[in-house]
Structure formats: C-alpha cells, structure tokens
1. Go through segment 100-137 residue by residue and tally those that are of a type in the set (Lys, Arg) and in contact (Cβ under 8 Å) with a residue 60 or more places away in the chain.
2. Take segment 95-112 and flag every residue that is buried (at least 19 other Cβ atoms within 10 Å of the Cβ) and over 17 Å from residue 194 (Cβ atoms).
3. Of 115, 143, which residue is among the β-branched types (Val, Ile, Thr), within 30 Å of residue 37 (Cα to Cα), outside any loop (DSSP other than H, G, I, E, B) and in contact with an Asp or Glu (Cβ under 9 Å, 6 or more places away or on another chain)?
4. Does residue 172 meet the test of being at pLDDT 90 or above and in contact with a Gly (Cβ under 9 Å, 6 or more places away or on another chain)?
5. Taking residue 38 as the residue in question, decide whether it is within 30 Å of residue 13 (Cβ to Cβ), among the β-branched types (Val, Ile, Thr), at pLDDT 85 or above and over 13 Å from the mean Cα position of the chain (by Cα).
6. Tally up the residues in segment 129-167 that are of a type in the set (Val, Ile, Thr) and within 25 Å of residue 118 (Cβ to Cβ), please.
7. So which of 199, 157 ends up being in a loop (DSSP other than H, G, I, E, B), more than 18 Å from the chain's Cα centre (by Cα) and of a type in the set (A, V, I, L, M, F, W, C)?
8. Considering only residues that are more than 14 Å from residue 109 (Cβ to Cβ) and touching a residue at least 24 places away in the same chain (Cβ under 8 Å), which ones fall in segment 175-195?
Amino acid sequence: MTTTARVPQEERTRAMRLRLLEATVECLVERGYSGTSTTLVSTRAGVSRGAQLHHFPTKNDLVVAAVEHLTELRGAELLASLSESSDELAVSTVQRITRLRRVMRLLGEHFSSPVFTAALELWVAARTDEALLAAVGPLEQRVGRETHRLTVEALGADESQPGVRELVQATLDLVRGLGLANTISDDAARRRRILNHWADVLDRELA
C-alpha cells in the first residue's frame with residue numbers, strides 16, 4: 001500500500017517541477033533575467049510559494065535548472081532532426097548541398113529558439129554574478145561540446161583534416177551570432193540567405 005500511494009505523489013512532484021521549469025523559461029524570454037522572480041514563476045506555474053522554495057531555494061537554482069532542462073530537450077530534438085537527415089541521405093540521391101542547407105537550417109532554428117533566448121539572459125547576467133557564473137559555466141561547456149559533436153556528425157566533417165575543426169566552430173559561431181541578432185529583430189529571410197551561402201562555403205571546403 002505504501003508503494004502504491006508513493007508513486008502518484010512522485011508523479012505529481014515531477015509534474016510540479018516541470019511546470020516551474022517551463023514557467024521560468026517563459027519569464028526569462030518575456031521579462032529577462034532581472035524581471036524574473038521566484039514569486040512570479042510560482043504564480044505562473046500554479047505552484048505554492050512554499051513548494052517552489054522547497055525544490056528551488058534560490059532564483060539561481062531555479063533559472064539554471066530550467067535552462068538546463070529545456071536545453072537538454074532542445075538538444076534531443078536537434079539530435080533527432082539531424083539523425084533523420086543523415087538517415088535519409090544515406091539512401092537518397094539528394095545532392096550534398098541540399099543536405100548542408102538543411103543542416104544549416106536546423107542549426108539556425110536551434111539557435112533562434114526561446115530556449116536560446118533564455119540561455120542568453122543567463123549568460124549576460126552571469127558576467128557580473130559569480131555564483132550564477134559558477135553554475136552556468138559548466139552547463140554551457142557541456143552543451144557546447146555536445147552541440148559541436150552533433151554538428152560534426154551532421155556535416156559529415158573529418159576533424160582530423162587541417163582546418164576542419166575550425167570550420168565547424170566557425171559554423172557554430174555563425175549560427176549563435178544570427179541567434180543573437182534574432183533577439184533584436186526577426187530577420188528570417190536574411191538569416192536564410194546567409195545560412196544558404198555558408199552551406200555553399202562548407203560544400204567547397206569539406207569536399
């Protein structure tokens with residue numbers, strides 16, 4: 001009987017934590033780091049203040065957990081999209097440039113998502129907040145390594161060749177920069193042109 005009663009409670013707890021994490025990202029996107037408060041998040045999530053403090057005692061605990069959680073979800077989506085693209089290309093006759101443009105489009109979408117905007121808010125805040133930087137730094141390093149690995153696989157790049165690793169890193173720097181620009185104004189058409197042009201560059205260099 002004890003086990004039967006405990007399982008629903010655990011499920012409710014997970015659901016409550018998820019609501020808190022999703023509400024936190026929404027607040028970061030809409031109000032920025034300075035405008036996000038634990039009170040505002042708990043209200044939006046429909047969770048009592050006491051319950052929120054029990055799981056996330058400080059604002060930093062809450063925002064870092066939220067961005068980490070949704071970054072992982074976004075990373076899983078990116079992995080699925082890029083893997084699907086690779087599987088299709090393995091048996092299709094689609095030209096290489098078509099694949100590269102698709103990969104660049106997927107990366108562009110990844111770095112213009114609300115999760116990227118929320119993460120950007122943390123980066124800026126962490127610049128002058130040592131406690132936040134200590135939490136955000138390792139997270140971003142881990143996410144960066146995984147994103148780099150996925151990009152190498154998606155591009156079919158051989159990093160043992162001179163200059164290829166730098167080319168992959170330049171690709172990621174480009175899409176991050178376009179994602180940053182997207183937080184100021186939506187310029188999807190311009191972004192698409194730039195990414196298509198960069199796909200042409202990759203086609204020449206990786207070939």
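The values are calculated or read from the model by the stated rules, or taken from the named source; none is laboratory data. Keep in mind that this is a model prediction, so the values were computed, not measured. Here the Cβ is made from the backbone with ideal geometry for all residues, glycine too, and neighbour counts use every protein chain on show.
1. Selection size over segment 100-137: 2.
2. 99 - this is the single residue of segment 95-112 that is buried (at least 19 other Cβ atoms within 10 Å of the Cβ) and over 17 Å from residue 194 (Cβ atoms).
3. 143
4. yes
5. When the stated conditions are applied, residue 38 passes them.
6. Residues that pass the stated criteria total 4.
7. Result: 157 is the single residue among 199, 157 that is in a loop (DSSP other than H, G, I, E, B), more than 18 Å from the chain's Cα centre (by Cα) and of a type in the set (A, V, I, L, M, F, W, C).
8. Selection gives 180, 183.
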